[in-house]
Amino acid sequence: MTHLQAGLSPETLEKAKVELKENPETLHQDIQEVRDMIITRPDIGFLRTDDAFILRFLRARKFNHFEAFRLLAQYFEYRQQNLDMFKNLKATDPGIKQALKDGFPGVLANLDRYGRKILVLFAANWDQSRYTFVDILRAILLSLESMIEDPELQVNGFILIIDWSNFTFKQASKLTPSMLRLAIEGLQDSFPARFGGIHFVNQPWYIHALYTVIRPFLKDKTRKRIFMHGNNLNSLHQLIHPEILPSELGGMMPPYDMGTWARTLLDHAYDEETDYCPESYTLSVQDLERDLEKNLSPKTMKRSQSVVEPGVLKRPDKVKSEEDNMQPLLSLD
């Protein structure tokens, strides 16, 4: 075992070996193979390339060097294309702080039987007068950045549960296709995490309608990891034991305290008052949506997912798309 595997339990070490093809004998060589590909993308600023950072991308793509590099490139490319989203990406940012305090996301204390961290979103908590969908996405990305530092979670991954109870049609109307596509690109295509499943519960008909809008932008494996439970919590409990779920999800734990994860990230700053008005962010959101219409068109998305072959230096405009070979973010096996 190398120092890069020091944070893994014996069980997780074995899982990494069997499921991810992680080999301590070749670990440094694997990392260097990915690092050597950086020269093939001169259009991207790779702001971090240390061993531990690259390792999380290898784990997310089961040590396929080419796919790990593709994910690494998309990670930084997504940030380059959406600079406003990543300005002041801190828990104390007013919009992020408001979203965190309302449980976007919530993080359960207990892991599931596969060692995965469970994120919960109670959609009706979204106070649209206080923060935007972009703030929620920023809060989720910030939270994932914090949790993915844990090598156990790099191997075991995450589960996401979204409870749509009491989520109104008016609230749903704010979920524009461009915003949803921004979230898909940020989470499915550009983040080094393994998601075992996304579970919808108590979803109304208009959430099904929204799903049909975004479905074309989801990878096949992602679609297979999405479970629509409706009001049937028994089907949820067949996959996630109720012993670790809060009572809102039919579980045996107490009701979820929405501020739990926010307190973890904010610490003493949790109780500090902040002045924030979503209207002040409206202009940048509108600018972002205009950019999205351009940057997230099917043609542009296909181009942004392309990458040159390892060891071949080409101009960015000559890069050929390999979208058909893309591996989805959500991987259970």
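The values are calculated or read from the model by the stated rules, or taken from the named source; none is laboratory data. What you see is a predicted model; the values in this text were computed from it and never measured. Cβ sites come from the backbone with ideal geometry, for glycine too, and all protein chains shown count toward neighbours. Just the protein is used for accessible areas: all its heavy atoms, side chains included, with ligands, DNA and RNA removed. Shrake-Rupley method; radii C 1.70, N 1.55, O 1.52, S 1.80 Å.
Determine the order of VAL34, VAL213 by accessible area, beginning with the largest, at a probe radius of 1.4 Å.
These residues rank, largest area first, as VAL213, VAL34.
Can you sort HIS268, HIS229 by 1.4 Å-probe accessible area, starting with the largest?
From most accessible down to least: HIS268, HIS229.
According to the square roots a ≥ b ≥ c of the eigenvalues of the Cα gyration tensor, what is the shape class of the stretch 91-269, taking rounded for a/c under 1.5, prolate for a/b larger than b/c otherwise, and oblate for the remainder?
Here the stretch 91-269 falls in the rounded category.
Would you tell me the accessible area of TRP164, worked out with a 1.4 angstrom probe on the heavy atoms of the protein chains, in Å² to the nearest 10?
Only protein atoms counted, so the area is about 30 Å².
For the stretch 64-122, which chymotrypsin sites (Phe, Trp or Tyr not before Pro) are in a loop by DSSP, counting at most 15 other Cβ atoms within 10 Å?
TYR114
Across the stretch 211-226, in residue order, what do the Karplus-derived ³J(HN,Hα) couplings come to in whole Hz, using 6.51 cos²θ - 1.76 cosθ + 1.60 with θ = phi - 60° and x for Gly and Pro?
These are the phi-based 3J(HN,Hα) values: 4, 5, 6, 8, 3, x, 8, 9, 6, 4, 5, 5, 4, 5, 9, 9 Hz.
Rounded if a/c is under 1.5, else prolate if a/b is larger than b/c, else oblate: which is the stretch 109-162, with a ≥ b ≥ c the root eigenvalues of its Cα gyration tensor?
Since a/c reaches 1.5 but b/c is at least a/b, the shape of the stretch 109-162 is classed as oblate.
Residue by residue through the stretch 192-208, which ³J(HN,Hα) values in whole Hz follow from phi under the Karplus form 6.51 cos²θ - 1.76 cosθ + 1.60 (θ = phi - 60°), with glycine and proline marked x?
My calculation for the stretch 192-208 gives x, 9, 9, 9, x, x, 10, 10, 9, 10, 6, 7, x, 4, 6, 6, 4 Hz in order.
Can you give the alpha-carbon Rg of the stretch 1-124 over 2.2 N^0.38 Å, where N counts its residues?
Computed over Cα atoms of the stretch 1-124, the ratio equals 1.27.
Find the relative contact order for the stretch 89-194 and round it to a whole percent, using C-alpha pairs within less than 8 Å whose residues are 6+ positions apart.
31
Could you look at the stretch 91-269 and say what percent of its accessible area is carbon and sulfur, using a 1.4 Å probe and all protein chains?
Here carbon and sulfur together make up 57 percent of the probe-accessible area.
Explain nothing, just compute: Karplus ³J(HN,Hα) = 6.51 cos²θ - 1.76 cosθ + 1.60, θ = phi - 60°, for every residue of the stretch 243-254 in order, whole Hz, x for Gly and Pro.
These are the phi-based 3J(HN,Hα) values: 4, 10, 9, x, 4, 4, 9, x, x, 9, 7, x Hz.
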